[in-house]
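Take a look at the structure set out below.
We did not get these values from a lab; they are worked out from the coordinates using the rules stated. If you're wondering where the values come from, they're calculated on a predicted model, not measured in any experiment. No Cβ is skipped: glycine too gets one built from the backbone with ideal geometry, and neighbour counts run over all protein chains shown.
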Amino acid sequence: MSIPNTQSDAPLDEAESASGNPVRRARARRRSKQRRRMANVAGLLLALVLTGATYSVFAPAQAAEDDNESAAEAAGRQLYEHSCITCHGSNLQGVEGRGPSLIGVGEAAVYFQVHTGRMPLTRQSSQGLDKPAVFSDEEIDQLMAYVQANGGGPTLPSGDLRDGDLAAGGELFRLNCASCHNFVGEGGALSSGKWAPSLRDANDRTIYAAMLSGPENMPVFGDNQLTPEQKRSIINYVQTVAEQADPGGAGVGRIGPVAEGLVIWVVGISALMFGIFWMGSKA
Amino acid sequence: MARTATAPGAPTSRLGKAAFEIDDRLIVAGPLRRTLNKVFPDHWSFLLGEIALYSFVVLLLSGTYLTFFFDASMKEVVYDGSYAPLRGVEMSAAYDSALQMSFDVRGGLFLRQVHHWAALLFVASIVVHLLRIFFTGAFRRPRETNWLIGVVMLVLSLLMGVTGYSLPDDLLSGTGLRIISAILLSIPVVGTWVHFAVFNGDYVGENIIGRFYIAHVLLFPAILLGLIAVHLLILVKQKHTQFAGPGRTEHNVVGNRLFPTFAAKATGLFFVVFGLIALLGGLVQINPIWLWGPYNPSQVSAASQPDWYIMFLDGSTRLFPAWDINLPGSYTIPALFWPTVVIAGAMFTLLALYPMIERKLTRDTASHHLLQRPRDVPVRTSLGVMGLTFYVWLMMSGGNDVIADKFQISLNAMTWIGRIGVIILPPIAYAITYRICLGLQMHDRQVLEHGIETGVIRRLPNGEFIEVHQPLGPVDAHGHGALAYGGAPVPKKMNQIGGARRAIRGFFSPIEPPARVELEQRAEGRGLSPQESDRELTTSGRPTEGGRPSEGGRPSEGGRPQEPRD
């Protein structure tokens, strides 16, 4: 503001013209002009200093956060920005028509989706296909750390995930899970091309993560619906039954009457047909 | 006439004397001899009903063993057996005893599985037997009664299956029971009363397992046994039907005597059936109730299906739209009523009345003892295939969620495939079958008229090539066969009429009396006589060499025909 304010000069001029000395009046006018300039410069400087000081008060917080991002999160960010950002957005906020927001899904969802190979998605379809995981376990941990740090959400527990009551787990499984996943987790069809997958190949953490995050059509079984102990019981039941041998012989899919009906017609009746053809060809 | 053991021709061995003494008191030798000499026609398809009979024997034997350990009670108990994943779970005494039977009774699991596999085979063989009877017209007068008895036995066997399926009181059978309850309730006007009569109260009550048990182990088997006896007695009285063929008429029976040939075959088949069921029971797991868990009305599993023979009703229910009919005055006919009670009722009524319907439509009231080949009755055959297509399509739809899951098809798509298919496929099946029947008939007629294609190409003086045909009988001036179409199999290949120097007894063909050619061969010690060149068609030697026919064997073997394999 080095430009003199003519309006503010006007009363002064009137006052000095009143004193009557043109020389003094001109000197005084010059001095005041210099004073005003000095004040303007000082004010500018002050404003600059104040701005800088204010900046320096707030800026360190952000600088410190940048410094605190762990190596894992940074690596996760790298992976995210390479493989996930197209559909889930630059700030995990999701992209309309492509992918949902990841804010609040937590590391449990990341573990389930990435570890089972469902993410990155091959194509948009009724449901993500599970396939061999694209990322290594270490990379999955990094992605989990990144999403957890930036969105928050349910986390996976550590320790023995089968540490629960076997029989109670069975009851809970039949009550909560069997309606989609079949009696012992063989999976089943849902509407419109969706399905509840078989639990045969699922590991403990995957099942736990699925219950926590409710992927695809699965409801979320938060800790209020199924306590961590109950989740561990269910996992114990699923894995125990999956590992146990079939005492009755070949399991034929463990899905009951459809497979059994197929066996009696394809094996039973066919074998007997050949038997009676053979008998018929003997005199 | 008084007989003594010292009379001429009296038995001298100890066994003979004992038999004589028995006959002296009971006078059974005459009837027994007549029975043992009874002749049964022989064809592989006549053994299908026997498979059902032997499965039933296996069912009775294994089922009796299971009753020693089964407790048909709905009392609540806590499981404390050797299957760890259920230990401490509350369940009914029925399920508990079924688990005990599976894990803690020696041979229990094996016999449970044998029983269940035998049940599946029992119904399957009944269905195949029924198809044979249907497609060959064996139900025609005078055998309508036996057809009716057969249909009643089929329904009874389905009821046996349903009650048996419900007994273990596991989650799968309980789900089935819930559906049975819903079907009973869906019957207009009397539904609730029927339900109360069956369940003695609201679903599920405390009686149903006990009631189903007594129906399953006493009521239905007793009726079934009685009907089987009547079925077989009528069969013996009316004599078995036979296929048309040389020497077979409406007034005779050509076949083997009950003893020893038929009895040996029947015994052999019994052991084949028993062995197969035992193999399945020992090697393939069926109805693993410990995986299903105890029944709890709050629980249900995906892919809960009935056994295969009820699956068609599950399928019809899955396909039928949700058309509840709401009548004024808060009455409702639930949609469930149509695809279960009505469809099943209509299907079995049609099946039972079919002989009468056909008799009415064809006005054929004569007695028939010769069977028809399916191709000779195209309308009936096509109707049968149409009905079969309808049934199989419904049955497949009963497992449509499993198909959707295993083949990664949308379940909605499966439902629509089922709905569209169940309407358009049966007529298509009818049309195709009809054409196939006519085509087969036409080929038979062609062979009768022109003879068998020999594969020998002859060049005529004018340069034209023709294939030599072997007429089956005398021919008229134009070279056309004079044999009439008789509804019997027509030989289509030269080796079927001895062209290969032996009568081939095909794996799939009925046993015929040895052909004339074969008898001649036997008489000649499997050698060839010079006169035989008369009937030779294929000649490798030139006429200048005497036109000797090909001997069928290598020169190093002396030109002798190959030895028959059997």
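Can you classify the protein assembly as shown as rounded, prolate or oblate using the Cα gyration tensor, where a ≥ b ≥ c are the square roots of its eigenvalues, rounded means a/c under 1.5, and otherwise it's prolate if a/b beats b/c and oblate if not? Verdict is prolate for the protein assembly as shown.
Calculated on C-alpha atoms, the gyration radius of segment A:65-223 divided by its Kirkwood radius gives an Rg/Rh of 0.98. Placing unit charges on the Cβ atoms only, positive for Lys and Arg and negative for Asp and Glu, gives chain B a dipole magnitude near 1680 debye about its Cα centre. A dipole drawn for chain B from +1 and -1 charges on Cβ atoms has a positive end, and of B:I325, B:P474, B:F70 the residue lying farthest that way is B:P474. Proximity of backbone amide H atoms, modeled 1.01 Å from N, is registered between B:R257 and B:F40, B:F262 at under 5 Å, excluding neighbours fewer than 5 places apart on the same chain.
Taking square-rooted eigenvalues a ≥ b ≥ c of the alpha carbon gyration tensor, is segment B:315-449 rounded, prolate or oblate, where a/c under 1.5 means rounded and, failing that, a/b exceeding b/c means prolate? Oblate, since a/c reaches 1.5 and b/c is not below a/b. Scaling the Cα radius of gyration of segment B:164-258 by the globular reference 2.2 N^0.38 Å produces a ratio of 1.79. Taking 4 °C and 1.567 mPa s as conditions, segment B:280-394 diffuses translationally at an estimated 70 µm²/s according to Stokes-Einstein applied to its Kirkwood radius (Cα pairs). Along the charge dipole of segment A:69-155, pointing to its positive end and built from +1/-1 on Cβ of Lys, Arg, Asp and Glu, which listed residue (A:H115, A:S126, A:I140) has its Cα farthest out? Value: A:S126. The label point for A:L48 and the one for B:V230, both projected 7 Å from the Cα toward the Cβ, are 11.7 nm apart.
Need one number: convex hull volume per residue for chain B, Cα atoms only, in Å³. Each step should come with its number before you reach the end.
Working: hull volume 163.4 nm³, N = 566.
Given the Cα convex hull of chain B, per-residue volume reads 289 Å³.
Quick one: net charge of B:M311's neighbours, Cβ under 15 Å, K/R +1, D/E -1? Counting the neighbours of B:M311, the net charge comes to -3.
For segment A:139-283, report the % of Cα-Cα distances exceeding 26 Å. Could you put the intermediate results ahead of the total?
Working: 4345 of 10440 pairs.
Here the tail beyond 26 Å accounts for 42 percent of pairs.
Put in order of Cβ neighbour count within 10 Å, fewest first, the listed residues B:Y391, A:Y80 become B:Y391, A:Y80. Residue-wise HN-Hα couplings along segment B:216-223, as the Karplus relation 6.51 cos²θ - 1.76 cosθ + 1.60 with θ = phi - 60° gives them from phi, are 6, 9, 10, 4, 5, x, 5, 4 Hz; Gly and Pro carry x.
Dividing the summed -39500 (n - 2.57) terms of all DSSP H runs of n ≥ 4 by the residue count of chain B sets its mean residue ellipticity at 222 nm at -16500 deg cm²/dmol.
Please state the relative contact order of chain B as a whole percent: Cα pairs under 8 Å, 6+ residues apart?
Working: 699 pairs, mean separation 80.6, N = 566.
Value for chain B: 14 percent.
Computed from backbone phi, the HN-Hα couplings of segment B:84-91 come to 4, x, 10, 5, x, 8, 6, 7 Hz, rounded to whole numbers (Karplus: 6.51 cos²θ - 1.76 cosθ + 1.60, θ = phi - 60°; Gly and Pro given as x).
Can you give the calculated 222 nm mean residue ellipticity of chain A, where each DSSP H run of n ≥ 4 adds -39,500 (n - 2.57) and the sum is split over every residue, rounded to the nearest 500 deg cm²/dmol?
Helix contribution divided over all residues of chain A: -18500 deg cm²/dmol.
Residue-wise HN-Hα couplings along segment B:138-155, as the Karplus relation 6.51 cos²θ - 1.76 cosθ + 1.60 with θ = phi - 60° gives them from phi, are 6, 8, 5, 3, x, 9, 5, 4, 5, 4, 4, 4, x, 5, 4, 5, 4, 4 Hz; Gly and Pro carry x. Of B:S73, B:S397, the sequence from fewest to most neighbouring Cβ atoms within 10 angstrom is B:S73, B:S397.
This model, with +1 at the C-beta of Lys and Arg and -1 at the C-beta of Asp and Glu, gives the protein assembly as shown a dipole about its Cα centre of some 2440 debye. In the protein assembly as shown, taking the dipole from charged Cβ atoms about the Cα centre, the farthest positive-side position among B:S55, B:A366, B:L313 is held by B:A366.
Averaged over the residues of peptide B:398-407, the number of Cβ atoms from other protein chains lying within 10 Å of each residue's Cβ is 6.
Taking amide H positions as modeled 1.01 Å from N, with prolines and chain starts lacking one, the residues under 5 Å from B:F243 and 5 or more places away or on another chain are B:L371. Working ranking of peptides A:205-211, B:114-120, B:459-465 by packing, defined as the average number of other Cβ atoms within 10 Å per residue, highest first, is B:114-120, A:205-211, B:459-465.
Close amide H pairs (under 5 Å, H built 1.01 Å from N) link B:S92 with B:V77, B:Y295, residues at least 5 positions away or on another chain. Plainly put, segment A:69-155 has a radius of gyration that is 0.93 times its Kirkwood radius, both from alpha-carbon atoms, as the Rg/Rh ratio. Here segment B:242-275 and segment B:166-212 have alpha carbon centers that stand 45 Å from each other. Taking other C-beta atoms within 10 angstrom as a stand-in for reagent exposure, A:W278, B:W308 fall in the order A:W278, B:W308, fewest first.
Work out the length of the dipole vector of chain A about its Cα centre, built from +1 on the beta-carbon of each Lys and Arg and -1 on the beta-carbon of each Asp and Glu, and round it to the nearest 20 debye.
Magnitude of the dipole: close to 2020 debye.
Could you work out the relative contact order of segment A:69-155, using alpha carbon pairs under 8 angstrom and six or more residues apart, expressed as a whole percent? Over segment A:69-155, the number comes to 40 percent. What does the C-alpha gyration tensor say about the overall shape of chain A? Classify as rounded when a/c is under 1.5, otherwise prolate if a/b is larger than b/c, or oblate. Note, shape of chain A comes out prolate. Taking a sphere under 15 Å around the Cβ of B:R141 and counting the other residues whose Cβ falls inside, with K and R at +1 and D and E at -1, yields a net charge of +4.
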